[in-house]
1. Within segment 141-171, can you find the residues that are assigned to a helix (DSSP H, G or I), surrounded by fewer than 21 Cβ atoms within 10 Å (Cβ to Cβ) and not basic (Lys, Arg)?
2. Any residue in segment 97-111 that is surrounded by fewer than 18 Cβ atoms within 10 Å (Cβ to Cβ) and in a loop (DSSP other than H, G, I, E, B)?
3. Of the conditions (1) surrounded by 16 or more Cβ atoms within 10 Å (Cβ to Cβ); (2) in the same structural domain as PRO246 (by TED's automatic domain parsing); (3) among the hydroxyl-bearing types (Ser, Thr, Tyr); (4) not in a loop (DSSP other than H, G, I, E, B), THR220 satisfies every one except a single condition; which number is it?
4. Can you name every residue in segment 81-96 that is under 30 Å from CYS251 (Cβ atoms) and buried (at least 18 other Cβ atoms within 10 Å of the Cβ)?
5. Pull up segment 172-208, narrow it to residues that are among the small types (Gly, Ala, Ser) and outside any loop (DSSP other than H, G, I, E, B), then point me to the one that is nearest to ASP274 (Cα to Cα).
6. Can you tell me how many residues in segment 60-82 are at pLDDT below 95 and either assigned to a strand (DSSP E or B) or within 10 Å of the chain's Cα centre (by Cα) (or both)?
7. Looking at segment 114-130, can you tell me whether even one residue there is part of a strand (DSSP E or B) and touching a His at 6+ places or on another chain (Cβ under 7 Å)?
8. Which of the strands (runs of 3 or more DSSP E) contained wholly in segment 244-344 include at least 3 residues that are more than 30 Å from ASP126 (Cβ to Cβ)?
Amino acid sequence: MSEKQNGTGRVSLEDVARLSGVSTATVSRVLNGSMTVKARSREAVEKACVELGYVINRAARTLASRRSMTIGAVVPTLATETFTRPLAAFQQLIHEAGYTLLLANSNFDPETELKEVNKLIEYGIDGLMLVGNTHHPRLWERINQQDIICVQTFSQDNEKPSVGYDSEGAAETLANHLLALGHQHFAVIVGTPPSNDRVSERLKGTQRALKTHGISLPETHLIDNAFTMNDARKAVFRLLDGPQPPTAIICGNDLLAFGAMRAASERYKRIPNDISIVGFNDYEYAEHLEHPLTTIRVDLASIGKHAAQYLLNALNNQPVQMHTAIKTELIVRGSTGSVPRNES
């Protein structure tokens, strides 16, 4: 069959319907991202579109349906698995539903996040995924003004749709693991800009656990400006050169923990005999390091999947789960051990 399926030189909706063996209404529902079409019919329509070279008139469809078939996401950084893994799962699901992902990076800056959200709204996004529940004061005003369906991720929010986990509880569990091993001299290495409510909550959980055991965290032992592996490495050098070197170091993520472990090895500290180091998130490489990393496992892909499902259901007027709690799990590996005898 030639490309001039309808005699005009353009492939029409009817041509796609004829080749795929479904009605034009079904073709239209597939192209508009409807979730009500059976998988077999959806696949037949998509295959026919490819075979015929059917190109959607995006502008016309947007005017007709008031849908752009785009979903926006703003994340703090793309430099770690923390956000790339959930984004991959998020994009896969919305892609299968016919949507395109428009992605922006805020660099942990609320002002930048607001500007990026404004740009995405100007592009006519149908839905939006954000990270955390701490934002610029005008952000939600803008979202509500434009009636954009939005879901927050990584943090729990009792008032707005969210997919997140108990950051405080997870951090307390991690600290209690180290306390049970006899450690009393701690250090924490994180990056905590004002917008990072996840790490701020984890600091609360860590300090609560230490306080229960009568231990305080010296200001000199809280490094809150480490964002890269090398930042963590340099921080550990300073800590080890100080008057009271820690025997246990809690890191904000596995990347920082890797940097801390490198520094400890360079100073000939045995892990875990001389020093214990923990991370957060359980990145793919964590169990394959020279000293497999003790960490908190977060199902990052599940965050992306649940966020996508919420938006897709909301966009198609289907029942939604407003609040989804993601479970965390302490994974104990070889980077933690009992406090050194001379410190006990």
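The values are calculated or read from the model by the stated rules, or taken from the named source; none is laboratory data. From a predicted model like this one, the values you see are computed outputs, not experimental measurements. For neighbour counting, all protein chains shown are included, and Cβ atoms are generated from backbone atoms with ideal geometry for every residue, glycine included.
1. GLU141, ILE143, ASN144, GLN145, GLU168, GLY169, listed by residue number.
2. Taking every residue of segment 97-111 in turn, at least one turns out to be surrounded by fewer than 18 Cβ atoms within 10 Å (Cβ to Cβ) and in a loop (DSSP other than H, G, I, E, B).
3. (1)
4. Matches in segment 81-96: GLU81, THR82, PHE83, ARG85, PRO86, LEU87, ALA89, PHE90, GLN91.
5. Filtering first and then ranking leaves ALA187.
6. 7
7. Scanning segment 114-130 turns up no residue that is part of a strand (DSSP E or B) and touching a His at 6+ places or on another chain (Cβ under 7 Å).
8. 248-251, 276-278, 295-298, 328-331
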